[in-house]
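S.K.: After the structure tokens below, expect a handful of questions from me.
The values are calculated or read from the model by the stated rules, or taken from the named source; none is laboratory data. The structure displayed is predicted, hence computed values, not measured ones. Because the Cβ atoms are built from the backbone with ideal geometry, glycine has one as well, and the counts that use them run over all protein chains shown.
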Amino acid sequence: MFFIPGYVLKIQTKDKTYHFGLNWGSFWEGELPFAVKRERGKLGYSVFSIIVRILLFAYLGHLLWTWIIR
């Protein structure tokens, strides 16, 4: 919905998996000080994220509508 480029750093341990959102930049494309496995993928949206986006667009639509009919 909002196409902002970025990366996800996924760190797996024996017991847990951690995800970190990273800003887009050439730093993450080059050599890193640790071993990495790079993969292309698509991120999904949580139900909460979708609901927040719908409410935001509904509110912005309401503001626009009240501004137009004024």
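S.K.: Looking for something closer than 21 Å to Gln12 by Cβ, in contact with a Leu (Cβ under 8 Å, 6 or more places away or on another chain) and modelled with pLDDT under 85 - is there at least one such residue anywhere in the stretch 43-53?
M.R.: no
S.K.: Of all residues in the stretch 22-60, count the ones that are hydrophobic (A, V, I, L, M, F, W, C) and either touching a helix residue (DSSP H, G or I) at 6+ places or on another chain (Cβ under 9 Å) or assigned to a loop (DSSP other than H, G, I, E, B) (or both).
M.R.: 7
Residue-by-condition table, conditions (1) at pLDDT 80 or above; (2) more than 17 Å from the chain's Cα centre (by Cα); (3) loosely packed, with under 10 Cβ neighbours inside 10 Å:
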| position | (1), (2), (3) |
| --- | --- |
| Lys10 | yes, no, no |
| Thr13 | yes, yes, yes |
| Glu31 | yes, yes, yes |
| Phe34 | yes, yes, yes |
| Gly61 | yes, yes, no |
| Ile69 | yes, yes, yes |
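S.K.: Also, quick follow-up: Note down all Cβ pairs under 9 Å where the first residue falls in the stretch 4-31 and is without any contact (Cβ under 8 Å) to a residue 12 or more places away in the chain and under 18 Å from Gly44 (Cα atoms), the second is exposed (fewer than 11 other Cβ atoms within 10 Å of the Cβ) and among the β-branched types (Val, Ile, Thr), and they're at least six residues apart or on different chains.
M.R.: As it stands, the answer is Lys10/Thr17; Thr17/Ile11; Tyr18/Ile11; His19/Ile11, since those pairs meet every condition given.
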